[in-house]
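Report on the following structure.
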Amino acid sequence: MSCPLNRLLLAAALPVALSAQAAEPVWFTVAGDARDPQADTIVIDMASLKARANQQLMMVRVSRGHERHSRHTGNRFRSYAAKVEIDCAKDTATIRNTHFYAQPLWSGEPFARVEFPAPQQVPLALREFDPNPMPRIIRAACNPIG
């Protein structure tokens, strides 16, 4: 899917997601294919978006086509779900907590849950995604309408 089409779909999904009553997740695929366990995939839950001053909190899920190693925890994983804090003034995203899965696409139970309390929060790093979707994720969180 082309980048302009992704932006159009994101813009169309945002009003629905933001009007939802914190109920069901509204997963938007930022990169990859959320149905393909061999694809490197990132999805964000726009319904989980919560504002805190100049920061936004949202759920981000990442699934990898092959096993990865977390530099911060030492865990080997295929996918993870993380609560991410986005600082709109600094254009940064840090992980507050994460659930690691041995299987792709967040299948099964997480084998590890890790909290990163301030100031030990670690940056959300989306290595080996081309183009890196971090700017789009930050824009989506910080400018949810428009």
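With the convex hull of the Cα atoms taken as the outline of the range 77-131, the averaged projected area works out to 4.5 nm².
Per-residue Karplus couplings for the range 102-116, computed as 6.51 cos²θ - 1.76 cosθ + 1.60 with θ equal to phi - 60°, are listed in order as 6, 9, x, 6, 6, 7, x, 8, x, 8, 8, 10, 10, 9, 10 Hz, Gly and Pro entered as x. Residues whose amide H lies under 5 Å from that of Gln103, counting only those 5 or more places away or on a different chain, are Arg78, Ser79; hydrogens are built 1.01 Å from N in the peptide plane. Scanning residues 5 or more positions from Arg96 or on other chains, those with amide H under 5 Å from its amide H are Lys83, Val84, Glu85, with H placed 1.01 Å from N in the peptide plane.
Since every read-out is calculated from the coordinates, none of them should be taken as a lab result. Predicted, not measured: the structure shown is a model, and the values here were computed from it.
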